[in-house]
Amino acid sequence: MTQVPIFNPIASQDKATLEKIALISGQDIYQCMQCGTCSSVCPMVETMGMTTRQGIHLLQFGKTAAVMDARIGELCASCHSCMVRCPRGIDVAKVYDAVRQLTLRENINLIDLNEIPKETLTDAPQIAFVSSFRKLTS
Amino acid sequence: MKLAYYPGCTLKTKARNLEDSALAALKALSIEVKELDRWNCCGAVFSLADDDLIHHIAPVRNLIRAQEEGCEGILTLCSQCYNTLARAHNLMIDDEEKRDTINRFMDEEPDYKGEVQVIHYLTYLRDHVGWDALREKVKTPLRDLRVAPFYGCSLLRPDDVAIEKDPTILEEFLSALGAQTVSLTEARECCGSYQSLANPDAEQQRLGKIFGAVNRSGANAIALSCPMCEYNLGRQQHQLLEQNANLTATPTYYFTQLLAVALGIEAGVCHFDLNGKPAFELLKEKSYIVSAAS
């Protein structure tokens, strides 16, 4: 019998990455209906390479590299504005935290202590360092 | 209710103005609190990764310390400490599997029973002192101060740890001190938090929006409760103003500093030097300041 090829838009490698994101975040990104509420309330969205809504849309199609390039996970401040307003109950901050974890778990740091100005090192409060290193170092 | 006071890492150094003013105000209100023995840093941010339990150890250990001391509540001042401890407490109640793993991992510690309530100073004031009683204790009403209350994110989100669902607590508190409050569109939004270290340009963009709103509101002061917000809105403000000539400087205060001033506590306790010169000068200009010599 001739096997009918099934069209699978997500490459197996991307599928594995999506599974990791689902495992780390505990969220189902396919619940997203693309309403854009998360983007409209995100305080950091203007500095990201794409909106949080676009990021979820690309993730739904397995385009994880593009989302990482857009630095959404890196720039998210985990303020949970999106999470409390998502009509589909997705904790968007957890999704992007998982995206960030993928980078960190490759032993890549997203903050370099040597690049922080001396004035900031003396002036910034302890929680700024603890939070930054917790969120942005591997 | 027996309470343990949890200061957290920043309050002993960079945010002494928050701790000392808060403790002096409690004393003036005849409330005694004892600092938690052997407390450790809470980790500042709650771990969001489902498979990462190790970062819940720090906040849970603090809850265990309070439990050991027979406390029913743990009192916090820093918004991020409040958020991290309250969420860790909720996790230990809601997720049986994670609770068991965490308790087993800390086998040298007694199990956390989930009975220590995490309370923020503001809610404690509201529930155990009350706004009317506080109003009566005010010696120097802050009448000419138009204050923008800035909640930030950690006191309000997620919903299960929100100090109030649709918050008016800071407004009510400031009204009790005799201050005027202004409506601030950015009051419940994030200040950019830890991004100020890794991504200062993104942070400055965020601050530009907040200060635009502050200036439009007509406020001449900002009240907040988080050392991260204070650093971004207060100590980083000069950088923003250097780049944006259309924005006006607005001093930031921890809400407890305004409380201490209104209660007539000597200004030295408030360490206004940590807020920057304009913060002290504004209060002095309004004749609110009581100095040790007077």
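The values are calculated or read from the model by the stated rules, or taken from the named source; none is laboratory data. Here the structure is a predicted model, which means the values were calculated and not measured. Every residue, glycine as well, gets a Cβ built from its backbone with ideal geometry; the counts of neighbours run over all protein chains shown.
A quick yes/no check of all residues on (1) buried (at least 21 other Cβ atoms within 10 Å of the Cβ); (2) part of a helix (DSSP H, G or I); (3) modelled with pLDDT under 95:
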residue	(1), (2), (3)
B:Ser21	yes, yes, no
B:Ser30	no, no, no
B:Asp52	no, no, no
B:Ala58	no, yes, no
B:Leu63	yes, yes, no
B:Ala88	yes, yes, no
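In the stretch A:95-123, of all residues being of a type in the set (D, E, K, R) and assigned to a helix (DSSP H, G or I), the one that is nearest to the other protein chains (Cβ to nearest Cβ) corresponds to A:Asp97. Exactly one residue among B:Gln236, B:Gln205 is surrounded by fewer than 19 Cβ atoms within 10 Å (Cβ to Cβ) and touching an Asp or Glu at 6+ places or on another chain (Cβ under 8 Å), and that residue is B:Gln205. Being more than 10 Å from chain B (Cβ to nearest Cβ) and aromatic (Phe, Trp, Tyr) is true of A:Phe61. Scanning for something at the interface with chain B (Cβ under 9 Å from one of its Cβ atoms), touching a residue at least 12 places away in the same chain (Cβ under 8 Å), under 30 Å from B:Leu207 (Cα atoms) and assigned to a helix (DSSP H, G or I), does the stretch A:26-38 turn up at least one residue? No, the stretch A:26-38 has no match at all.
One line per residue, one yes/no per condition, for (1) crowded, with 20+ Cβ neighbours inside 10 Å; (2) on the phi < 0 side of the Ramachandran plot:
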| site | (1), (2) |
| --- | --- |
| B:Thr10 | yes, yes |
| B:Arg38 | no, no |
| B:Ile93 | no, yes |
| B:Val116 | yes, yes |
| B:His120 | yes, yes |
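Within the stretch B:154-168, is even one residue in contact (Cβ under 8 Å) with a residue 40 or more places away in the chain, in contact with a Pro (Cβ under 8 Å, 6 or more places away or on another chain) and either surrounded by 18 or more Cβ atoms within 10 Å (Cβ to Cβ) or basic (Lys, Arg) (or both)? There is at least one residue in the stretch B:154-168 that is in contact (Cβ under 8 Å) with a residue 40 or more places away in the chain, in contact with a Pro (Cβ under 8 Å, 6 or more places away or on another chain) and either surrounded by 18 or more Cβ atoms within 10 Å (Cβ to Cβ) or basic (Lys, Arg) (or both). Looking across the stretch B:185-205, the residues that are closer than 15 Å to A:Val130 by Cα and either more than 8 Å from chain A (Cβ to nearest Cβ) or touching a Phe, Trp or Tyr at 6+ places or on another chain (Cβ under 9 Å) (or both) come down to B:Tyr194, B:Ser196, B:Leu197. For B:Asp144, the stated conditions do not hold, so it cannot be described as assigned to a loop (DSSP other than H, G, I, E, B) and free of Cβ contacts under 8 Å to residues at least 40 places away in the same chain.
Take B:Tyr82 and tell me if it is of a type in the set (Phe, Trp, Tyr), outside the structural domain of B:Leu177 (by TED's automatic domain parsing), in contact with a Ser or Thr (Cβ under 8 Å, 6 or more places away or on another chain) and touching a residue at least 12 places away in the same chain (Cβ under 8 Å). Yes; evaluated as a whole, the condition is true for this residue.
Do we find that B:Gly130 is at positive phi and touching a residue at least 12 places away in the same chain (Cβ under 8 Å) in this structure? Considered against the rule, which asks whether it is at positive phi and touching a residue at least 12 places away in the same chain (Cβ under 8 Å), B:Gly130 comes out as no.
One residue stands out among those in the stretch A:72-93 that are part of a helix (DSSP H, G or I) and surrounded by fewer than 21 Cβ atoms within 10 Å (Cβ to Cβ): the one that is farthest from the other protein chains (Cβ to nearest Cβ), which is A:Arg85.
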